[in-house]
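Have a look at the structure below before the remarks.
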Amino acid sequence: MKLTKRAVDSFQFKKGKAQDIRWDSSLPSFGLRIYPSGKKSFVLFYRHNGRAHIVVVGKYGVLTIDQARKKAKEMLVEIQNGNNPYSQRKGCVGNTFIKFAGIYIERHAKLRKKTWREDERRIERHVLPVWKGLSLEGITKQDVADLHYNIGKTRPHEANRVLALISKIFNVAVDLGYLPETHANPAYKIKPFEELSRDRFVTKTELPRLTKAIDNAENYYSAKLIWLYLLTGARKTELMQAKWSDLDLKERVLTIPKTKSKRPHYVQLSQPAVDLLEELPEQDGNPYLFPGRKPGAHLTDVRRTWNKIKAEAGLQDVRGHDLRRTVGSWLAQSGSSLHLIGTALNHSNQKTTKTYARFQRENLQQAMDDYGEEILKRSGGKK
């Protein structure tokens, strides 16, 4: 059937179909996609390098049928010349991804996530170089799967974080009305890479190299924050945002009012941590323990300093979060209970704390071995 205004106006979405497209008899690769919401968009089917694609030509109502058909023919000419409109899609059907990514950061991430800068970093580093110029509505599951795969070839953990972020961005786009409620999340059901449970921590033999490198670091506040991270196990972002008003050196407590677990966390400070904080200069007009470059702001990034520290210490495989794990591991090896470790690290999930149970089993094994030897010793070596 040739697409006409009368026919297009009469079309209704066919229930039970995952995708309802009515193809044009006069230009067979050109068609009209009908959404459950009633929205209609012109689409073009083609193959490029052996792969099938369906790309949105434009919205019905914004383009007439004749205008859309003419545009589709021009796109087919481009395809015959070796170009791929699928990879060159612009924001012809609404917002570009790059535009909405900024909206996501301002209207969602900054308001709800202390780690919003990590979202911003991942978008800028991994997503925008690949999707710059693509329309938000036009991004497909294939786009997401390809991006996830390419990142995951070398960094599967990071690829999974990017996948989760993309899924969240599209959910927020629907919530804020930038996409229709019927829009399928292109990250849905993409299988994450398998991640092995990480239990890396700084050992007692590695510690002297690490602390020497921290002391040699050029950036004063970054180095002191990393020291406090190692001494307390508090979350890095929470330490960055800690204020002088949150600190009670007399009681040796740093209060983190808002945490990942949605409850205040009282960080009990060791004497070395107290000594460090007592030596920390308070900057006039800045409420934060670790001031940033801008007046009145806090430190936001220690990666450059941390990377130099790791290189000098010969500990390139140690991540920042491994310092937090070091606190839990050393506490477990010293015989601290899982409950105490969970409290110290402010875990909201007991499963997280159970990571350290193996150290308690090792301690128990050693205690039972000592006990057995003592029994044999007291019994004259008989059993």
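Residues that are in contact with a strand residue (DSSP E or B) (Cβ under 6 Å, 6 or more places away or on another chain) and under 12 Å from A72 (Cβ atoms) within segment 17-29 comprise W23, D24, S29, listed in sequence order. If I filter segment 132-145 down to residues being out of contact with any helix residue (DSSP H, G or I) (no Cβ under 8 Å at 6 or more places or on another chain) and free of Cβ contacts under 8 Å to residues at least 60 places away in the same chain, which single residue comes out as surrounded by the fewest Cβ atoms within 10 Å (Cβ to Cβ)? Ranking the candidates gives Q142 first. How many residues does segment 288-326 contain that are without any contact (Cβ under 8 Å) to a residue 24 or more places away in the chain, polar (S, T, N, Q) and under 25 Å from K113 (Cβ atoms)? Total satisfying the criteria: 1. Restricting the search to segment 97-131, which residues are closer than 25 Å to R304 by Cβ, in contact (Cβ under 8 Å) with a residue 24 or more places away in the chain and not charged (D, E, K, R)? Answer for segment 97-131, where residues must be closer than 25 Å to R304 by Cβ, in contact (Cβ under 8 Å) with a residue 24 or more places away in the chain and not charged (D, E, K, R): A101, T115, I123, H126, V127, L128. Just checking, does segment 187-197 include any residue being at pLDDT below 90, more than 30 Å from Q268 (Cα to Cα) and of a type in the set (G, A, S)? No: zero hits. Tallying residues that are part of a loop (DSSP other than H, G, I, E, B), touching a helix residue (DSSP H, G or I) at 6+ places or on another chain (Cβ under 6 Å) and either polar (S, T, N, Q) or outside the structural domain of H321 (by TED's automatic domain parsing) (or both) within segment 196-247 yields 4. Just for segment 264-287: of the residues that are within 30 Å of A109 (Cα to Cα) and either touching a residue at least 24 places away in the same chain (Cβ under 8 Å) or touching a Cys at 6+ places or on another chain (Cβ under 6 Å) (or both), which one is surrounded by the fewest Cβ atoms within 10 Å (Cβ to Cβ)? My answer is E282. Considering (1) within 36 Å of the chain's Cα centre (by Cα); (2) assigned to a helix (DSSP H, G or I), the lone condition that K70 does not fulfil carries the number (1).
For segment 270-290, does any single residue satisfy the condition of being assigned to a loop (DSSP other than H, G, I, E, B), at pLDDT 90 or above and within 27 Å of the chain's Cα centre (by Cα)? Yes: one or more hits.
Restricting attention to segment 119-152 and to residues that are among the aliphatic types (A, V, I, L, M) and part of a loop (DSSP other than H, G, I, E, B), the residue that is farthest from N185 (Cα to Cα) turns out to be L134.
The residues of segment 35-69 that are surrounded by 14 or more Cβ atoms within 10 Å (Cβ to Cβ), over 25 Å from K15 (Cβ atoms) and not hydrophobic (A, V, I, L, M, F, W, C), listed by number, are Y46, H48, H53, G58, T64, R69.
Within the set of pairs 6 or more residues apart or between chains, which connect a residue that is of a type in the set (G, A, S) inside segment 51-64 to a residue that is outside any loop (DSSP other than H, G, I, E, B) with Cβ atoms less than 6 Å apart? Listed by first residue and then by second, the contacts come to G58/F42; G58/A68.
For segment 166-180, the condition holds for no residue, the condition being that it is at pLDDT 90 or above, surrounded by 18 or more Cβ atoms within 10 Å (Cβ to Cβ), more than 13 Å from the chain's Cα centre (by Cα) and not in a helix (DSSP H, G or I). Considering (1) at pLDDT 85 or above; (2) surrounded by 14 or more Cβ atoms within 10 Å (Cβ to Cβ), the lone condition that K260 does not fulfil carries the number (1).
The values are calculated or read from the model by the stated rules, or taken from the named source; none is laboratory data. Here the structure is a predicted model, which is why all the values come from computation and not from measurement. All Cβ positions, glycine included, derive from the backbone under ideal geometry; neighbour counts span all protein chains shown.
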